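What follows is a set of notes on a single structure, which appears directly below.
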Amino acid sequence: MSQFVRICSVSELPVTDEVGEFTVEGRTLCVAHIGGSIAVLDGTCPHEGGPLGEGIVEDGRVVCPCHGYSFDPRTGASEQDSSMKAEVFESKVEHGELRVKL
């Protein structure tokens with residue numbers, strides 16, 4: 001059964017329009033702070049395994065630093081390949097902490 005687990009405190013979140021990389025229960029996650037909203041994606045790019053949490057935010061999308069593939073932070077959809085999708089996790093801020101459902 002999936003449960004919400006702590007990623008970080010609110011004070012550790014990336015600044016607006018940046019991403020950060022966090023490891024939770026052995027899984028690397030990309031936390032994106034885009035336009036005041038927080039999204040949590042799998043930290044590994046589905047294209048060729050690049051580190052999404054080390055990428056950038058461009059035009060409201062998370063961009064992988066390796067080959068420039070970009071992903072919608074809400075749906076995980078890629079602009080470059082409609083068959084490719086980054087996994088997006090349910091998340092919430094609760095009691096001053098970001099939590100993700102794994």
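The values are calculated or read from the model by the stated rules, or taken from the named source; none is laboratory data. Keep in mind that this is a model prediction, so the values were computed, not measured. Heads up, the Cβs are rebuilt from the backbone with ideal geometry, glycines too, and the neighbour counts pull from every protein chain shown.
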message: of a type outside the set (A, V, I, L, M, F, W, C) and buried (at least 16 other Cβ atoms within 10 Å of the Cβ): which single residue out of Pro65, Pro46 fits that description?
response: Pro46
field: Scan of the range 65-102 for residues that are touching a Phe, Trp or Tyr at 6+ places or on another chain (Cβ under 8 Å), aliphatic (A, V, I, L, M) and closer than 23 Å to Thr23 by Cβ, ordered by number
entry: Ala86, Val100, Leu102
task: Note down all Cβ pairs under 9 Å where the first residue falls in the range 1-28 and is within 17 Å of Ala86 (Cα to Cα), the second is modelled with pLDDT of 95 or more and aromatic (Phe, Trp, Tyr), and they're at least six residues apart or on different chains.
output: Thr28/Phe22
message: Suppose we keep only residues that are in contact with a Ser or Thr (Cβ under 7 Å, 6 or more places away or on another chain) and touching a residue at least 60 places away in the same chain (Cβ under 8 Å) within the range 30-58. Which one would you say is nearest to Glu90 (Cα to Cα)?
response: Val40
message: Regarding the range 78-97, can at least one residue be identified that is among the acidic types (Asp, Glu), touching a Leu at 6+ places or on another chain (Cβ under 8 Å) and in a loop (DSSP other than H, G, I, E, B)?
response: yes
